[in-house]
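The values are calculated or read from the model by the stated rules, or taken from the named source; none is laboratory data. Since this is a predicted model, take the numbers as computed values, not measurements. Reconstructed Cβ throughout: ideal geometry from the backbone, glycine too, with neighbour counts over all protein chains shown. Calculation scope for accessible area: heavy atoms of the full protein, side chains included, ligands and nucleic acids excluded. Shrake-Rupley method; radii C 1.70, N 1.55, O 1.52, S 1.80 Å.
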Amino acid sequence: MSLIAGVYRELVMGGHILALGTASIAAASAIMLGGKPTAVLLVMAYLFSYGAYMMNRNAEMEEDAVSNPVRTGYLSRRGKYLPLITLSCFATGYLLAALTNLFFFLALLLPLFLSLLYSVGSGRLVRLLGARKLKEKLLFKNITISFGWSLIPLLVALYYQRVSLELLLIAPFIFLRLMLNTIFFDVRDLEGDKANGIRTLPVVFGRERSFRAMAVLDLLSSLYLVSLVGLALLPPYSLILVLLPVYSALYRWLASSERAMIGFLCDFVADGEYVLWGPLIYLGKILF
């Protein structure tokens, strides 16, 4: 049992489940493009996501001590190595990208730029937005993360050097799914964000309104997907992704209980949604 618990802690608190989710969405995008996900593509997706996670955790160690003390305690044991891990992930990822093709390599600079503005920030943003980091402005955190993830299918198209309407159209669906996810995490981090003066949807409008906003995002993402399949703009097998809004509606219902294990629901169940993308698309192609 101790081994299983150790693996679980590393997967969740170590950021691996999130990186696996990024690789899974990349795999789903490759399948929708009509190809097979290559090992290089999946490794790059994992490295860039994991590197961005480590950068964020290193930059927000003090803030996380309030909102997520268990994760902070777990990662603090490797705290001095986090910058090296971040650098190694990005360096290896960009080396692989450079060996792939130039346009793909250049396009990958945008996620890095967004990660830096989100986690590290810049004094120039103060004059522009009134905050040093993107995450400090209301909804900018959610939009930045969601936009970054919605770039995955477009980057996959560049990797294979193939233009695909399907991948362009699935990007907004990913954006909506990530908006819901980030708001759900903001509910978990409500007290910590209040203490650190971070304006999130739950901090400004409260927990109940945030849950209503997530329900609206579930509905919008479902309608968007069904409409595109109905208009024959997305292949029929992509309709299987409508199970994802059902999945998030279920964990939100579980989170509404006063006895809910909100940490488990966020770190494992909610983030685990993205690990399901690749298997679901693969299953959809078999069934449809």
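Take every Cα pair under 8 Å whose residues are at least 6 apart in sequence, average their separation, divide by the length of the chain, and the relative contact order is 23 percent. Charge tally around LEU250: other residues with Cβ under 12 Å, Lys/Arg +1 each, Asp/Glu -1 each, net -1. Each peptide among 147-158, 234-245 gets the average number of other Cβ atoms lying within 10 Å of its residues, and from highest to lowest they stand as 147-158, 234-245. Here the Kirkwood formula puts the hydrodynamic radius of segment 231-270 at 11.7 Å, using every distinct Cα pair.
Just check segment 147-231 against the gyration tensor rule for me: Cα atoms, a ≥ b ≥ c as the square roots of the eigenvalues, rounded for a/c under 1.5, and otherwise prolate or oblate depending on whether a/b exceeds b/c. Note, shape of segment 147-231 comes out oblate.
For segment 1-64, the square roots a ≥ b ≥ c of the C-alpha gyration tensor eigenvalues yield an a/c of 1.5 or more together with a/b not exceeding b/c, which makes the shape oblate.
Between beta-carbons, use under 15 Å as the cut-off and find the net charge around LEU3, counting Lys and Arg +1, Asp and Glu -1. Counting the neighbours of LEU3, the net charge comes to 0. Taking the inverse of the mean 1/r over every pair of distinct Cα atoms in segment 201-266 gives a Kirkwood hydrodynamic radius of 13.3 Å. Note that the chain presents 48 Å² accessible area per residue, ligands and nucleic acids not counted, probe 1.4 Å. Evaluate the relative contact order of segment 186-252 (contact order divided by residue number), counting alpha-carbon pairs under 8 angstrom at least 6 apart; express in whole percent. Reported relative contact order: 24 percent.
Pairwise alpha-carbon distances in the chain exceed 34 Å for 18% of all pairs.
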